[in-house]
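Peer 1: Structure incoming, see below.
The values are calculated or read from the model by the stated rules, or taken from the named source; none is laboratory data. Source: prediction; values computed, not measured. Note that each Cβ is placed from the backbone with ideal geometry, even for glycine, and that neighbours are counted across all protein chains shown.
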Amino acid sequence: MAVAELTPSYTKIHLHSSELSFLSTRLFNQRQCAFRPLPKTQHARISCSVAPNQVQVPIPVQTEDPKSKADCYGVFCLTYDLKAEEETRSWKKLINIAVSGAAGMISNHLLFKIASGEVFGPDQPIALKLLGSEKSFQALEGVAMELEDSLFPLLREVSIGIDPYEVFQDVEWALLIGAKPRGPGLERADLLDINGNIFAEQGKALNAVASRNVKVIVVGNPCNTNALICLKNAPNIPAKNFHALTRLDENRAKCQLALKAGVFYDKVSNMTIWGNHSTTQVPDFLNARINGLPVKDVIKDHKWLEEEFTVKVQKRGGVLIQKWGRSSAASTSVSIVDAIRSLVTPTPEGDWFSSGVYTNGNPYGIAEDIVFSMPCRSKGDGDYELVKDVMFDAFLRKKISKSEAELLAEKRCVAHLTGEGVAVCDLPDDTMLPGEM
Ligand SMILES: NC(=O)C1=CN([C@@H]2O[C@H](COP(=O)(O)OP(=O)(O)OC[C@H]3O[C@@H](n4cnc5c(N)ncnc54)[C@H](OP(=O)(O)O)[C@@H]3O)[C@@H](O)[C@H]2O)C=CC1
Ligand SMILES: O=C([O-])CC(=O)C(=O)O
């Protein structure tokens with residue numbers, strides 16, 4: 001028995017499982033449908049952007065129930081009076097947070113931190129919008145079940161979907177984690193193209209449906225160039241709102257300096273990662289401080305700083321993969337939390353944090369129109385400013401130039417995805433993600 005439900009632009013079809021595989025495969029192959037099995041039934045919901053006259057199934061006339069449009073999950077589909085709770089509990093207005101790759105390893109740590117309130121605060125209700133794929137849909141349901149069972153008071157809504165145009169509707173934060181990992185035999189140019197296509201599509205979707213001031217943090221690698229592709233495909237959202245995650249690198253650098261100096265890592269401040277989230281990244285020991293003093297005054301072994309420290313930070317991800325058999329997920333999720341909190345809380349006086357941001361107007365002479373990790377400060381309003389008073393020496397300049405050249409080469413390689421013509425892929429041979437060795 002097949003049932004279809006029509007709206008002017010969408011056709012919703014409920015099918016028995018026997019009919020499901022044929023129709024969903026056909027329509028999916030035409031990239032026209034979003035497919036969602038309905039929990040605890042033999043049915044699925046398929047949202048297809050096809051003209052109504054193409055549908056060959058009996059169509060009962062129904063008035064649309066707005067609730068049936070939402071892809072809310074389980075307990076999160078219940079209605080409740082959030083406004084009343086805002087008054088009695090002094091809660092803030094609900095914020096919508098989209099997470100892609102939501103069934104992946106990083107998200108599996110991150111979602112529970114966000115839902116617990118440790119990221120946006122104990123008075124900030126949260127709606128989580130999880131983006132997955134046809135392949136990961138069941139796993140997403142598993143994630144949503146675990147979120148249900150956690151009884152987080154601040155988590156008011158969870159929805160799951162595979163269409164970024166639905167999932168990104170009105171989101172104020174988009175945490176873009178989902179990306180294809182670089183496996184054996186996959187050239188970096190191919191990876192840039194495969195993942196670049198994902199981020200071009202997601203940029204277009206954000207541009208169409210997200211909040212006009214959405215903050216976007218790109219985690220999926222190669223994250224700097226993915227962030228550039230994303231912002232170029234979202235011309236109605238300020239380019240300044242896009243970040244590539246280099247906070248994990250900052251945290252790794254702080255840890256290594258603390259270890260060498262024999263201090264706890266909260267004594268390390270002003271840590272900049274310059275450049276690409278790759279093995280050309282530059283952990284800046286010239287401007288960093290330990291107990292408020294220049295690192296070079298505390299760690300006298302400057303050869304260690306220039307050689308071992310720099311390489312250790314650049315390759316930390318790869319060493320971890322060798323030990324763990326998979327890439328950093330828990331510490332990456334912690335660093336995403338740090339990155340968000342740095343934007344929603346004022347930066348401590350005199351300190352700063354690193355983020356991969358758009359270079360236009362930067363005061364350091366770094367090439368314009370790329371996404372480059374630089375030192376930032378925030379008033380806690382979600383926005384940031386670049387730090388002006390930083391020092392450079394010949395060593396730092398040389399290292400920064402290498403990372404800059406790498407990012408300019410990556411940009412030429414994705415010109416077809418940024419609207420800048422024909423791609424030319426002349427990537428430096430040694431270009432690698434931190435996880436590659
Ligand atoms: N910037 C940083 O500091 C760091 C970045 N990373 C990067 O984060 C990303 C995610 O890592 P992690 O969560 O561990 O990875 P996982 O493999 O656990 O999950 C990633 C998700 O990406 C999605 N995905 C995989 N292949 C494709 C594809 N071809 N097209 C679209 N989506 C795909 C899948 O979700 P679905 O099927 O639902 O689409 C998958 O669940 C990786 O790119 C990794 O390199 C990792 C560590 C640090
Ligand atoms: O290369 C990877 O996927 C892992 C990574 O980015 C990191 O550990 O910094």
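Peer 1: I'm trying to understand the selection: among the residues of the range 142-161, which are surrounded by 22 or more Cβ atoms within 10 Å (Cβ to Cβ) and farther than 11 Å from residue 74 by Cβ?
Peer 2: 143, 155, 161 - these are the residues of the range 142-161 that are surrounded by 22 or more Cβ atoms within 10 Å (Cβ to Cβ) and farther than 11 Å from residue 74 by Cβ.
Peer 1: Mind checking which residues of the range 94-109 are within 15 Å of ligand 2 (Cβ to nearest atom) and of a type in the set (A, V, I, L, M, F, W, C)?
Peer 2: Within the range 94-109, 105, 106 meet the criteria.
Peer 1: Suppose we filter 414, 422, 387 for residues that are more than 16 Å from ligand 2 (Cβ to nearest atom) and free of Cβ contacts under 8 Å to residues at least 12 places away in the same chain; which single one remains?
Peer 2: Sole residue among the options that is more than 16 Å from ligand 2 (Cβ to nearest atom) and free of Cβ contacts under 8 Å to residues at least 12 places away in the same chain: 422.
Peer 1: Residue under question is residue 258, and the condition is that it be of a type outside the set (Asp, Glu), away from ligand 1 (no atom under 16 Å from the Cβ) and crowded, with 24+ Cβ neighbours inside 10 Å; does it hold?
Peer 2: So residue 258 fails the test.
Peer 1: To continue, here is another question. Conditions first: (1) surrounded by fewer than 18 Cβ atoms within 10 Å (Cβ to Cβ); (2) part of a loop (DSSP other than H, G, I, E, B); (3) not basic (Lys, Arg). Residue 112 passes all but one, so which condition is the exception?
Peer 2: Of the numbered conditions (1) surrounded by fewer than 18 Cβ atoms within 10 Å (Cβ to Cβ); (2) part of a loop (DSSP other than H, G, I, E, B); (3) not basic (Lys, Arg), the odd one out for residue 112 is (2).
Peer 1: Let me ask something else about it. Output the residues belonging to the range 205-227 that are within 19 Å of residue 246 (Cα to Cα) and either of a type in the set (Ser, Thr, Tyr) or within 14 Å of ligand 1 (Cβ to nearest atom) (or both).
Peer 2: 216, 217, 218, 219, 220, 221, 222, 223, 224, 225, 226, 227
Peer 1: Looking at the structure I just gave you, is residue 136 within 15 Å of ligand 1 (Cβ to nearest atom) and either without any contact (Cβ under 8 Å) to a residue 60 or more places away in the chain or in the same structural domain as residue 382 (by TED's automatic domain parsing) (or both)?
Peer 2: yes
Peer 1: Could we say that residue 350 is closer than 22 Å to residue 229 by Cα and out of contact with any Pro (no Cβ under 9 Å at 6 or more places or on another chain) here?
Peer 2: no
Peer 1: Would you mind stating whether residue 433 is within 16 Å of ligand 2 (Cβ to nearest atom) and outside the structural domain of residue 254 (by TED's automatic domain parsing)?
Peer 2: Against the criterion (within 16 Å of ligand 2 (Cβ to nearest atom) and outside the structural domain of residue 254 (by TED's automatic domain parsing)), residue 433 qualifies.
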